[in-house]
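Here is the structure we will look at.
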Amino acid sequence: MKTKISVKLASRVKHLPPYLFASIDEMKQKAISKGVDLIDFSIGDPDIPTPSHIVEAMKKAVEKPVHHRYPSYEGMLSYREAVARWYKRRFRVSLDPKTEVLSLIGSKEGIGHIPLAFINPGDIALVPSPGYPVYPVGTLFAGGESYIMPLTEENRFLPDFKSIPRKIFIKAKLMFINYPNNPTSATAPKRFYREVIDLALKYNIIVCHDASYSEIYYDNEKPLSFMEIAGAKDVGIEFHSLSKTYNMTGWRIGFVVGNREVIAGLGKIKTNLDSGVFQAIQEAAIAALDTDDRIPSEIRKIYQERRDTLYSGLKKLGMHLTKPHATFYIWTKVPSGFDSAGFVTHLLNRAGVLATPGNGFGAPGEGYVRFALTVPVERIKEAVGRIGRCL
Ligand SMILES: *Cc1c(COP(=O)(O)O)cnc(C)c1O
């Protein structure tokens, strides 16, 4: 008689792309155990704590029994109203909090679930690459296929729509775009979004814009919301997160806004899968969204100093990179003679500096590495010195 069942993964799990960062993690652990003074630029997770007035709002809310019960799956109306106020203030966009705003357990949750609402087996989602891995994985879990839109430097890291065959557009149900972009740090101009809206109308494609980094910008160049562009609400939605804006990655709260039918479709999935965000966290998020711009601008100042230090440092070393106007990433070409993985290994072994290999974000990222500016300025200076000695 059997004493143990044989556990077989479903094919959707077996078909997940290889986790390219696993080997990086292993190398990192090995370096740390050898006592290397590692400077780690591989994590896209703010090292600065959540502002204290947000933490205080949470403390107050957590004591109230009314918040201990199941939340509503779509988010407290007061939270959705705070989102609408924030959009009005920041982008001059009007949203109906009842139908055009939905709370998310972090924007990753909504991005991962949206294909379940709109992708049938065999349908196509247009997915940028290099890019956030959740776009293709969510599509895969829904039984769909990702059509890769390569983001190349020649095209300013925007998709080249002219290269996409008509038959692909016809089969496409969703298009993911993300500006300011992780990992390339590129931003998108108004005319790009206009082109997206024209294509969406022509081929009946739902546009999903990931705007997680809209508040991490420099040189007073405020990124656009997709929702600012005339007609955007007729074709799509915008995912947003408090994670990067307010250093709240651990809190797990985000939101999606835009087209009410699309929001309702995602809502159907969510009512059946989750029960919303802990209301005390929503109360803290309201406190975050209602703060004046002083706090995000202080956060931007910190990243800007880091960006300037790393950008000019790498530039002086002869590396090929453009100065980012947004996000907390620096995307740089590897020196000739290296591929992404080879350069990351070289930096780790010879400089004790860890970056992320560009191909970890998709094949078109080969030849690049990403540095996250989640390291203090003094350590960035130290890292630049060490990199200089090993090039
Ligand atoms: C960080 C990040 C997110 C997700 O953030 P959440 O913490 O889930 O809100 C989404 N998209 C991109 C591109 C990101 O880098």
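Only one of the numbered conditions (1) acidic (Asp, Glu); (2) farther than 20 Å from Val55 by Cβ; (3) crowded, with 22+ Cβ neighbours inside 10 Å is not met by Asp308, and that is (3). Restricting to the range 84-103, what's the tally of residues that are open to solvent by less than 60 Å² (accessible area, probe 1.4 Å), over 23 Å from the mean Cα position of the chain (by Cα) and not charged (D, E, K, R)? Total meeting the criteria: 2.
For the range 18-37, what are the residues that are in a loop (DSSP other than H, G, I, E, B) and buried (at least 16 other Cβ atoms within 10 Å of the Cβ)? Across the range 18-37, the qualifying residues are Leu20, Val36.
When Ala363, Ala355 are screened for being in contact with a helix residue (DSSP H, G or I) (Cβ under 6 Å, 6 or more places away or on another chain) and not acidic (Asp, Glu), only Ala355 passes. In the set Pro130, Pro183, Pro136, Pro115, only one residue is under 30 Å from Arg307 (Cα atoms) and touching a Ser or Thr at 6+ places or on another chain (Cβ under 6 Å); that residue is Pro136. Return the only residue of Asp293, Asp339, Asp308 being closer than 30 Å to Tyr73 by Cα and acidic (Asp, Glu). Matching residue, one of Asp293, Asp339, Asp308: Asp293.
Note on the range 169-205: residues that are over 27 Å from Asn120 (Cβ atoms) and assigned to a loop (DSSP other than H, G, I, E, B) amount to 11.
Results for (1) open to solvent by 30 Å² or more (accessible area, probe 1.4 Å); (2) more than 16 Å from the ligand (Cβ to nearest atom), shown as yes or no for each residue.
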| position | (1), (2) |
| --- | --- |
| Lys190 | yes, yes |
| Arg194 | yes, yes |
| Asp198 | yes, yes |
| Lys202 | yes, yes |
| Tyr217 | no, no |
| Phe226 | no, no |
| Ile229 | no, yes |
| Asp234 | yes, yes |
| Thr245 | no, no |
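Just one residue in the set Gly267, Gly250 is under 25 Å from Lys60 (Cβ atoms) and either among the acidic types (Asp, Glu) or part of a helix (DSSP H, G or I) (or both); that residue is Gly250.
The helices (runs of 4 or more DSSP H) found wholly in the range 288-391 and carrying at least 2 residues that are free of Cβ contacts under 8 Å to residues at least 12 places away in the same chain, under 23 Å from the mean Cα position of the chain (by Cα) and outside the structural domain of Glu154 (by TED's automatic domain parsing) occupy 294-316.
Which of the numbered conditions does Ala211 fail, given that it passes all the others? Conditions: (1) more than 16 Å from the ligand (Cβ to nearest atom); (2) surrounded by 18 or more Cβ atoms within 10 Å (Cβ to Cβ). With respect to (1) more than 16 Å from the ligand (Cβ to nearest atom); (2) surrounded by 18 or more Cβ atoms within 10 Å (Cβ to Cβ), Ala211 is out only on (1). If you take the residues in the range 170-186 that are open to solvent by less than 10 Å² (accessible area, probe 1.4 Å) and more than 12 Å from the ligand (Cβ to nearest atom), which one is nearest to Lys323 (Cα to Cα)? So, considering only residues that are open to solvent by less than 10 Å² (accessible area, probe 1.4 Å) and more than 12 Å from the ligand (Cβ to nearest atom), the one nearest to Lys323 (Cα to Cα) is Met175.
Of all residues in the range 234-262, those that are hydroxyl-bearing (Ser, Thr, Tyr) have Cβ atoms under 6 Å from Cβ atoms of residues that are more than 7 Å from the ligand (Cβ to nearest atom), 6 or more apart or on another chain, in Thr245/Glu215; Thr245/Pro296; Tyr246/Ala288; Thr249/Asp45. Put simply, of Gly352, Gly276, Gly337, Gly388 the only residue that is in contact with a Leu (Cβ under 7 Å, 6 or more places away or on another chain) and farther than 18 Å from Ser42 by Cα is Gly388. Scanning the range 71-83 for residues that are open to solvent by 10 Å² or more (accessible area, probe 1.4 Å) and either touching a residue at least 24 places away in the same chain (Cβ under 8 Å) or outside the structural domain of Ala172 (by TED's automatic domain parsing) (or both) yields Pro71, Ser72, Tyr73, Glu74, Met76, Ser78, Arg80.
The values are calculated or read from the model by the stated rules, or taken from the named source; none is laboratory data. Computed from a predicted structure; not experimentally measured. Because the Cβ atoms are built from the backbone with ideal geometry, glycine has one as well, and the counts that use them run over all protein chains shown. Just so you know, the surface numbers come from the protein's heavy atoms only, side chains and all, with ligands and any DNA or RNA stripped out. Shrake-Rupley method; radii C 1.70, N 1.55, O 1.52, S 1.80 Å.
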